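Peer 1: I have a structure here, written as structure tokens, and I will follow up with some questions on it.
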Amino acid sequence: MGYNSLQACLTDLEKHGHLIRIRQEVDPYLEMAAIHLRVFERQGPAILFENVKGSKFPAVSNLFGTLQRSEFIFRDTLEKIKTLVELKNDPVKAVKRPFRYANVAFTALSALPMRVGRNAPISFGRTQISELPRIVNWPMDGGPFVTMPQVYTEDADRPGVMSANLGMYRIQLAGNEYVLNNEIGLHYQLHRGIGVHQTKANALGQPLKVSIFVGGPPSHPVAAVMPLPEGLSEMTFAGALGNRRFRYFYDKEGFCISADADFVITCTVMPHQNKPEGPFGDHLGYYSLTHPFPLLKVHNVYHRKNAIWSFTVVGRPPQEDTSFGALIHEITGSALPKEIPGLHAVNAVDAAGVHPLLFAIGSERYTPYLKERRPQEILTIANHILGKNQLSLAKYLFIAAKEDNPALNIQDIAGFLQHVLERVDLTRDLHFYTKTTIDTLDYSGSGLNSGSKLAVTVAGEVKRQLWAELPAAFSLPRPFTNFKLAMHGVLAVEAPRYTDEVETGQQVEILNAYLKHADLNGLPLMVLCDDTGFTAEKINNLIWVTFTRSNPSHDVWGINSFTEHKHWGCKGPLIIDARIKPHHAPVLERNPAVEKRVDAMGVKGGALYGLI
């Protein structure tokens, strides 16, 4: 089966117990997001908000809140899609086994976008930005945002739907300096296809036409976030995944319109016209701050009959985009290793906000004639990973040799880290990349998009037994008297509030002078933090604090550190300063008054009774 609309999907979900309705009026300012977060935390159903304050349109969230629900939505096509992506990455398979792949090739051909007339469902009516559900997720957000958009642009050199880009880039609907109903903001990060299109339009001195689709069949937003193989368009993928061809037409002004969408906002962005966008509570668990980003001039806002606004809430993982990521991995999990020789698996660790931390497993086969393995091939693989598309935005990469443990699992955070820490040679295996690019949303670096990277490459036998508990005689000097093992071999150390790099250097020297003669082989990593209790409470806290609050070139230190022929290492424990710094963005925090209102909805007789 294929859904021809978002409504058809919601009807199916409700029929099978995967959707609830909230009929009472809800406030788009913080309350809807708070409800979503509570339901998501309990792995609850999709939520249809029937009565949104200030808007005539209902809204839905948590559509993809669990992998199981996503698998249910795409239950008729998921296996074919996996094979299609596999075949696109390795076309020779079709030659070797033509009968196996014949139906998949037909799937791709039958999923090609289809141009239709202008009397499509989306042409039912027009509205204004001010009449949409203007949802604000976090207290310090700069205004309402579209958080589940499908942003469509075309290539000036190759116009048309087959060379177009469909991506999920956040849209600010109001606030800051935007003129309501006439202007909105577009935010996109590095390594995004829309940037190529805007660069070409700017070079020609032309405005870039932008169409923002909201809602529509559920395969459309999934297509907008998929890292697809070269030559497979998002629109074709949406058709194949949804078992319904992507239908479109061009309006009288030349904008591409998704015929099955619930809403389409058409805009133009003029060369080099920007306005302040943000702040916005983002998926690292902090706000992305206000910066100049492209200004969109609104032309039209189309909507279908009984249109439903689709949204999500992002914040510290896990969130709904975590489930998105799981679905993407299920579809394309085997694709990336085939693109990088020797790579077996890679995981952008969700608990760290995805981009800050990568785990990888590679082969180490350069010198099989030597008894002792050391990182050689995996260092080559690490360089390849850090030059690959959005993976190049990572700050930390831990890569291990498959030969050391064929059963090693990159999804097991504690197990993988233990494997690395047992084997790492801190005098040899640390490789820094300085003054380079990191994620736009990561404020731990030296400026917007700017920071550093650290690759930790590990191969060979176990070098140490990690401390499972602290030796009775272990101590640290003042002011580092509050410390606790966060996991085997990792010590969370509460430090004074960060002031500047000079004072940090002095504090590290105090630790170094105290520990430089101690036997600390079972303690390869110390993490300086603001709150030992929180950091050491659970592995996800340790990962989030350590890798979202540090910039390798500035915040990695070591006991008995040295620089030899431009290579930095340490003979004692590695120290990562993961305290909050003055230039960091604020942490996302919920509004207590709104939380109390949501609590009231969870009592017996309330709309959320039994769900939160």
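The values are calculated or read from the model by the stated rules, or taken from the named source; none is laboratory data. Note that the structure is a prediction, hence the values are computed from the model and not measured. Glycine also receives a Cβ, built like all others from the backbone with ideal geometry; neighbour counts cover every protein chain displayed. To get the accessible areas, we keep the full protein, side chains included, count just its heavy atoms, and leave off ligands, DNA and RNA. Shrake-Rupley method; radii C 1.70, N 1.55, O 1.52, S 1.80 Å.
Peer 1: Which one is modelled with the highest pLDDT, of the residues in segment 161-210 that are in a strand (DSSP E or B) and polar (S, T, N, Q)?
Peer 2: My answer is Gln172.
Peer 1: If you take the residues in segment 468-506 that are out of contact with any Asp or Glu (no Cβ under 7 Å at 6 or more places or on another chain) and of a type in the set (S, T, N, Q), which one is nearest to His584 (Cα to Cα)?
Peer 2: Thr499
Peer 1: Now for a separate question. When you scan segment 513-536, do you find a residue that is charged (D, E, K, R), modelled with pLDDT of 95 or more and surrounded by 17 or more Cβ atoms within 10 Å (Cβ to Cβ), even just one?
Peer 2: no
Peer 1: Are there any pairs, at least 6 apart or on different chains, whose C-beta atoms fall under 7 Å, with the first in segment 164-178 and in contact (Cβ under 8 Å) with a residue 24 or more places away in the chain and surrounded by 20 or more Cβ atoms within 10 Å (Cβ to Cβ) and the second assigned to a strand (DSSP E or B) and among the aromatic types (Phe, Trp, Tyr), and if so, which?
Peer 2: Ala164/Tyr152; Leu166/Tyr152; Arg170/Phe145; Arg170/Phe280; Ile171/Phe145; Gln172/Phe145; Leu173/Phe145
Peer 1: Taking the condition of being modelled with pLDDT of 95 or more and assigned to a loop (DSSP other than H, G, I, E, B), how many residues in segment 135-160 meet it?
Peer 2: 11
Peer 1: Anything in segment 42-86 that is touching a Lys or Arg at 6+ places or on another chain (Cβ under 6 Å) and on the phi > 0 side of the Ramachandran plot? List them, or say none.
Peer 2: Listed by number, the list is empty, since nothing qualifies.
Peer 1: Answer yes if at least one residue in segment 323-341 is hydroxyl-bearing (Ser, Thr, Tyr), within 30 Å of Asn119 (Cβ to Cβ) and either crowded, with 24+ Cβ neighbours inside 10 Å or within 21 Å of the chain's Cα centre (by Cα) (or both), and no otherwise.
Peer 2: No, segment 323-341 has no match at all.
Peer 1: What are the residue pairs meeting all of these: first residue in segment 421-432, first residue under 14 Å from Leu466 (Cα atoms), second residue aromatic (Phe, Trp, Tyr) and surrounded by 22 or more Cβ atoms within 10 Å (Cβ to Cβ), Cβ atoms under 7 Å, and 6 or more apart or on different chains?
Peer 2: none
Peer 1: Being over 22 Å from His583 (Cβ atoms), surrounded by fewer than 12 Cβ atoms within 10 Å (Cβ to Cβ) and not charged (D, E, K, R) is the filter; apply it to segment 478-505 and report the residue that is modelled with the highest pLDDT.
Peer 2: Pro479
Peer 1: Asn560 versus (1) farther than 30 Å from Thr440 by Cβ; (2) surrounded by fewer than 16 Cβ atoms within 10 Å (Cβ to Cβ): which is the lone unmet condition?
Peer 2: (2)
Peer 1: Check segment 547-554 and report whether any residue there is open to solvent by less than 60 Å² (accessible area, probe 1.4 Å), more than 29 Å from the chain's Cα centre (by Cα) and modelled with pLDDT of 95 or more.
Peer 2: no
Peer 1: Also, quick follow-up: Given the options Ile378, Ile308, name the one that is more than 26 Å from Thr127 (Cβ to Cβ), open to solvent by less than 40 Å² (accessible area, probe 1.4 Å) and either aromatic (Phe, Trp, Tyr) or touching a residue at least 24 places away in the same chain (Cβ under 8 Å) (or both).
Peer 2: After applying the criteria, what remains is Ile378.
Peer 1: Report the residue count in segment 276-305 for those that are of a type in the set (D, E, K, R) and surrounded by 18 or more Cβ atoms within 10 Å (Cβ to Cβ).
Peer 2: Qualifying residue count for the region: 3.
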